[in-house]
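A.B. asks: Dropping a structure here in structure tokens format, bear with me for questions.
The values are calculated or read from the model by the stated rules, or taken from the named source; none is laboratory data. Predicted model, so just to flag it, every value in this text is computed and none were measured. All Cβ positions, even for glycine, are placed from backbone atoms using ideal geometry, and neighbour counts span all protein chains on display. For the accessible areas, the whole protein counts, side chains as well, though only heavy atoms, and no ligand, DNA or RNA atoms are used. Shrake-Rupley method; radii C 1.70, N 1.55, O 1.52, S 1.80 Å.
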Amino acid sequence: MRWNGQQLGTVDDNALPGMEQLSGFVRSVTTPDFAGITFHEVLARSALNRVPSSSRMMFDWTVNPYRGCAHGCVYCFARGTHEYLELDAGSDFDNQVVVKVNIAEVLRREVSHAKWQRARVHLGTNTDPYQRAEGRYALMPGIIDALAASGTPLAILTKGTLLRRDLPLLADASTEVPVSIAMSIAVFDDALQHSIEPGTPTAAARLATVRAAVDAGFRVRVFLMPIMPHLTDSLESLDAALAQIRDAGASGVTWGALHLRPGVKPWFMQWVARERPELVSSYLGLYPGTSAAAPKAYRQWLGRRIRPLLRAHGLSAFEDDDYGVRPGRAGRASEDAGRFVATQGQGQGDVWGSRSSRAAASSGATPSGLSAVRQAGRLVPKPEGPAMLF
């Protein structure tokens with residue numbers, strides 16, 4: 001493994017953040033409570049990761065306490081990142097998890113720097129911060145506290161029901177900074193979910209977590225992603241999923257078709273060949289060669305199918321294809337620090353809650369990240385666009 005074969009004190013510029021020096025390696029741990037999983041504990045040199053300007057993601061900063069993920073989602077876009085460590089994107093990604101044990105301490109130092117402009121920080125856009133490892137290491141409370149104490153807004157996307165442990169902490173944080181919560185639920189059929197997402201909580205458990213967060217005063221968005229051709233895209237499947245999302249109290253849905261990026265496609269196609277061999281030819285036709293995205297014609301067909309259902313269930317929606325080229329960085333840091341807007345035409349209404357915020361909007365000024373609006377006793381941030389797929 002690249003990060004286990006460096007010379008002490010040398011720097012590998014191609015290594016993942018926090019993995020540049022072997023001197024940061026602490027130990028590798030196995031435990032009967034996590035059978036088959038090895039945790040590689042490291043001391044991270046940095047916590048904040050800046051999103052490349054070429055990315056379609058509409059945010060600039062992320063924090064990733066873990067590399068690799070025991071959720072084991074066959075379609076996980078982040079699998080390819082494990083290859084930077086000379087680990088494979090398949091079983092190693094699921095079973096060799098890198099843990100940045102000092103990440104809260106490092107983050108606290110970084111967000112306390114005078115030059116930090118309190119741009120919103122996203123968690124869960126690479127690997128899940130509430131995956132099973134979080135039950136052992138409990139890194140998120142320190143991360144949440146560090147961000148809130150510095151006046152930094154935060155957004156969490158997860159499949160993990162362990163989020164419920166931190167709802168009181170997040171509620172406290174939301175009195176200081178904007179806090180956004182989203183739950184990723186791609187599969188509502190229990191048998192398929194167990195096969196394609198073997199390490200994740202059930203859809204029912206995640207829906208219960210959505211309800212718990214809503215009851216705690218948060219507006220929660222559900223990421224119905226990826227929608228998989230011939231597996232989860234039938235009218236019956238989509239209708240049932242949206243009904244359950246609505247009943248859980250979610251405020252809206254972000255949806256999009258399956259992507260098969262480098263490092264993911266071979267692993268996913270192995271699963272299709274093993275579990276659903278009758279679909280191999282269809283998937284080879286939809287995702288030929290090195291193609292990562294579903295064909296435009298399929299995405300348009302999917303849109304025509306799901307949009308009437310979204311309206312029928314009264315759910316606001318944002319589509320993955322709605323993303324274009326992200327704006328340049330000029331001015332983005334100050335704009336992201338507490339910017340609140342109506343929902344880009346998605347029907348959620350104006351969430352600007354205070355007179356000073358509306359005055360700032362009319363004057364062209366940007367409200368401070370510490371001058372948040374409230375709705376139902378909680379801070380309501382700008383609606384999230386789709387973070388990267390798990």
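A.B. asks: Of a type in the set (A, V, I, L, M), assigned to a loop (DSSP other than H, G, I, E, B) and either more than 22 Å from the chain's Cα centre (by Cα) or under 20 Å from ILE185 (Cβ atoms) (or both): does that describe ALA250? Steps first, please.
C.D. replies: Numbers: of a type in the set (A, V, I, L, M): yes; assigned to a loop (DSSP other than H, G, I, E, B): yes; either more than 22 Å from the chain's Cα centre (by Cα) or under 20 Å from ILE185 (Cβ atoms) (or both): yes.
It is true that ALA250 is of a type in the set (A, V, I, L, M), assigned to a loop (DSSP other than H, G, I, E, B) and either more than 22 Å from the chain's Cα centre (by Cα) or under 20 Å from ILE185 (Cβ atoms) (or both).
A.B. asks: Still on this structure, please answer the following. Being in contact with a strand residue (DSSP E or B) (Cβ under 7 Å, 6 or more places away or on another chain) and in a helix (DSSP H, G or I) is the filter; apply it to the range 120-137 and report the residue that is surrounded by the most Cβ atoms within 10 Å (Cβ to Cβ). Don't jump to the end; show me each part of the working.
C.D. replies: Start the filter on the range 120-137 by keeping residues that are in contact with a strand residue (DSSP E or B) (Cβ under 7 Å, 6 or more places away or on another chain), which leaves 120-131, 133, 137.
In the following step, the residues that additionally are in a helix (DSSP H, G or I) were identified as 133, 137.
Working: ALA133: 25, TYR137: 18.
Only one residue fits best here, namely ALA133.
A.B. asks: List, please: which pairs have Cβ atoms under 7 Å, are six or more places apart or on different chains, and start with a residue in the range 110-123 that is touching a residue at least 12 places away in the same chain (Cβ under 8 Å) and among the charged types (D, E, K, R) and end with one that is open to solvent by 80 Å² or more (accessible area, probe 1.4 Å) and not in a helix (DSSP H, G or I)?
C.D. replies: Note: no pairs meet the criteria.
A.B. asks: Would a scan of the range 174-197 turn up a residue that is touching a Pro at 6+ places or on another chain (Cβ under 8 Å) and assigned to a helix (DSSP H, G or I)?
C.D. replies: Within the range 174-197, the first condition is being touching a Pro at 6+ places or on another chain (Cβ under 8 Å), and the residues that meet it are 177-180, 186.
Next cut, assigned to a helix (DSSP H, G or I) only: none.
Checked against the condition, which is being touching a Pro at 6+ places or on another chain (Cβ under 8 Å) and assigned to a helix (DSSP H, G or I), the range 174-197 yields no hits at all.
A.B. asks: Return yes or no: is THR125 modelled with pLDDT of 95 or more and under 22 Å from ILE103 (Cβ atoms)?
C.D. replies: Working: modelled with pLDDT of 95 or more: no; under 22 Å from ILE103 (Cβ atoms): yes.
Answer is no for this residue.
A.B. asks: Those residues that are out of contact with any helix residue (DSSP H, G or I) (no Cβ under 8 Å at 6 or more places or on another chain) and open to solvent by 40 Å² or more (accessible area, probe 1.4 Å), I need them from the range 255-279; list them, please.
C.D. replies: Listed by number, the residues that qualify are PRO266, GLN270, ARG274, ARG276, PRO277, GLU278.
A.B. asks: In the range 280-298, which residue that is in contact with a Pro (Cβ under 8 Å, 6 or more places away or on another chain) and not in a loop (DSSP other than H, G, I, E, B) is surrounded by the fewest Cβ atoms within 10 Å (Cβ to Cβ)?
C.D. replies: Going residue by residue through the range 280-298, those that are in contact with a Pro (Cβ under 8 Å, 6 or more places away or on another chain) are 282-283, 286, 290, 292, 294, 298.
Restricting the remaining residues to those that are not in a loop (DSSP other than H, G, I, E, B) gives 282-283, 286, 298.
Working: SER282: 13, TYR283: 22, LEU286: 19, TYR298: 15.
My answer is SER282.
A.B. asks: Here's something else I'd like to know. Can we say PRO65 is at pLDDT 80 or above and out of contact with any Ser or Thr (no Cβ under 6 Å at 6 or more places or on another chain)?
C.D. replies: Working: at pLDDT 80 or above: yes; out of contact with any Ser or Thr (no Cβ under 6 Å at 6 or more places or on another chain): yes.
When the stated conditions are applied, PRO65 passes them.
A.B. asks: I would also like to ask the following. Return the only residue of LEU207, LEU167, LEU162, LEU224 being touching a Phe, Trp or Tyr at 6+ places or on another chain (Cβ under 6 Å), free of Cβ contacts under 8 Å to residues at least 60 places away in the same chain and open to solvent by 10 Å² or more (accessible area, probe 1.4 Å).
C.D. replies: Working: LEU207 fails: touching a Phe, Trp or Tyr at 6+ places or on another chain (Cβ under 6 Å); LEU167 fails: touching a Phe, Trp or Tyr at 6+ places or on another chain (Cβ under 6 Å); LEU224 fails: open to solvent by 10 Å² or more (accessible area, probe 1.4 Å).
The conditions single out LEU162.
A.B. asks: Could you list, in sequence order, all residues of the range 227-254 that are hydroxyl-bearing (Ser, Thr, Tyr) and open to solvent by less than 20 Å² (accessible area, probe 1.4 Å)?
C.D. replies: If we filter the range 227-254 for residues that are hydroxyl-bearing (Ser, Thr, Tyr), which is where we start, we get 232, 234, 237, 251, 254.
Result: THR232, THR254.
A.B. asks: Let me ask another. Would you mind finding the one in ASN95, ASN102 that is open to solvent by less than 30 Å² (accessible area, probe 1.4 Å), free of Cβ contacts under 8 Å to residues at least 60 places away in the same chain and not basic (Lys, Arg)? Before you say what the answer is, go through the steps one by one.
C.D. replies: Details: ASN95 fails: open to solvent by less than 30 Å² (accessible area, probe 1.4 Å).
From the options ASN95, ASN102, the qualifying one is ASN102.
A.B. asks: Count, please, the residues in the range 181-192 that happen to be buried (at least 21 other Cβ atoms within 10 Å of the Cβ) and within 20 Å of LYS265 (Cα to Cα).
C.D. replies: So in the range 181-192, the residues buried (at least 21 other Cβ atoms within 10 Å of the Cβ) come out as 181-188.
Retained after the next criterion (residues that are within 20 Å of LYS265 (Cα to Cα)): 186-187.
Qualifying residue count for the region: 2.
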